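The numbers here are math on the coordinates, done by the rules we state, and not lab data. All of these numbers come straight from a predicted model, not from anything done at the bench. Note: ideal-geometry Cβ built from the backbone for every residue, glycine included; neighbour counts use all protein chains shown.
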Amino acid sequence: ETGVTQTPRHLVMGMTNKKSLKCEQHLGHNAMYWYKQSAKKPLELMFVYSLEERVENNSVPSRFSPECPNSSHLFLHLHTLQPEDSALYLCASSPRDGSSYEQYFGPGTRLTVT
Amino acid sequence: DQQVKQNSPSLSVQEGRISILNCDYTNSMFDYFLWYKKYPAEGPTFLISISSIKDKNEDGRFTVFLNKSAKHLSLHIVPSQPGDSAVYFCAAGGTGTASKLTFGTGTRLQVTL
């Protein structure tokens, strides 16, 4: 397995469910990100982890809860979501040595909240 | 307020011709710019980048031009190929915010035969 992987690729959940999205990177990076992509909107940065410490939280509702147990894994725990949370959730990773701004993305999880 | 703007939601170009995708930004603190390409059901893929100390960067068929005074950058694809059909995102980052990229809304490029 190479690059950045995300599971599941598709998820349908009710508003009362609890689910988790998983991201894994095999690039040796030590920064990881969660983005939300809604139709006709720019990618919205949700959370940034650097060396497993959360360094950015862009006013994301508490129904989204990230977890970064190590530099290779990132989770997004979901609970009591709303229909407007339906979107493509993308994970990305990058080096944190200042060598580049480039972020490498996973394929995303298409989330539908019913 | 959208700091990175891609005003053309779509573009259609004939195979073999030049594709020009445009991007404007408002934040003068941005000093690094990137283009990403996205196919359906896949995540964005890094394509090419440019630092604010340059005005041009070339990689094969792809060239990015930066006009700092106009706060404008463009991606040129020459010659365009059907496999280039995708959504292209412009992104920008600034010194001290290396972890944070601001993205545009994307331009869908269709390369026709």
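Tabulated data for the structure shown
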| item | result |
| --- | --- |
| Relative contact order [Cα under 8 Å, 6+ residues apart], chain A, whole percent | 36 |
| Proximal lysines relative to A:Lys18, as straight alpha-carbon distance under 25 Å, when same-chain residues fewer than 8 apart are discounted | A:Lys36 |
| The protein assembly as shown - Rg and Dmax from Cα coordinates, angstrom | 17.6, 52 |
| Per-pair calculated FRET efficiency, R0 = 35 Å: A:Lys18 and B:Lys5 via Cβ, rounded to 0.05 | 0.40 |
| Residues B:Thr63, B:Thr26, sorted so that the one with the fewest Cβ neighbours within 10 Å comes first | B:Thr26, B:Thr63 |
| A:Glu84, A:Glu67 arranged by Cβ crowding within 10 Å, fewest neighbours leading | A:Glu84, A:Glu67 |
| Surrounding net charge for A:Lys36, when Lys and Arg each add one and Asp and Glu each subtract one, Cβ distance under 11 Å | -2 |
| Förster radius 45 Å - calculated FRET efficiency between A:Ser65 and B:Gln110 (Cβ-Cβ, nearest 0.05) | 0.70 |
| Mean projected area (nm²) of the alpha-carbon convex hull when segment B:4-112 is viewed from all directions | 6.4 |
